[in-house]
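Here's the structure we're looking at; comments come further down.
The values are calculated or read from the model by the stated rules, or taken from the named source; none is laboratory data. This is a predicted model, so every value here is computed, not measured. Neighbour counts run over all protein chains shown; Cβ positions are idealised from the backbone, glycine included. All accessible areas refer to the heavy atoms of the entire protein, side chains included, with ligands and DNA or RNA removed. Shrake-Rupley method; radii C 1.70, N 1.55, O 1.52, S 1.80 Å.
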Amino acid sequence: MKIETPFDGNDTYGFPFTFHIKWSGECFDCPENPTETYYGYLLIDFLISGIIGFGLLKLFKRLKK
């Protein structure tokens, strides 16, 4: 996540893939809609975090034995 709205910049959300962008301030070649959301990247971010969480849960259960 990177927030730059107090200045001329854009906000980006998502890791490792950016799924939401909000433009603000003075902007050249900006789209008509000041926000863009990529639902495919959002789904991929959820899947990656779920896989990591499931893997950590399995690891903790294995170490607990």
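Quick one: in the range 1-19, of everything that is of a type in the set (D, E) and open to solvent by less than 100 Å² (accessible area, probe 1.4 Å), which residue is modelled with the highest pLDDT?
Per the stated criteria, the residue is D11.
Does any residue in the range 4-21 that is in a loop (DSSP other than H, G, I, E, B) come within less than 8 Å, Cβ to Cβ, of a residue that is surrounded by 15 or more Cβ atoms within 10 Å (Cβ to Cβ) and modelled with pLDDT under 85 six or more places away or on a different chain, and which pairs are these?
Hits for this filter: E4/N10; E4/D11; E4/S24; T5/D11; T5/K22; T5/S24; D8/S24; G9/S24.
I want to confirm something. Restricting to the range 20-33 and keeping residues that are open to solvent by 70 Å² or more (accessible area, probe 1.4 Å) and within 28 Å of F46 (Cβ to Cβ), which single residue is modelled with the highest pLDDT?
Going through the qualifying residues, I end up with K22.
Given the conditions (1) of a type outside the set (A, V, I, L, M, F, W, C); (2) open to solvent by 100 Å² or more (accessible area, probe 1.4 Å); (3) modelled with pLDDT of 90 or more, and given that S49 satisfies all but one, which numbered condition is not satisfied?
All conditions are met except number (2).
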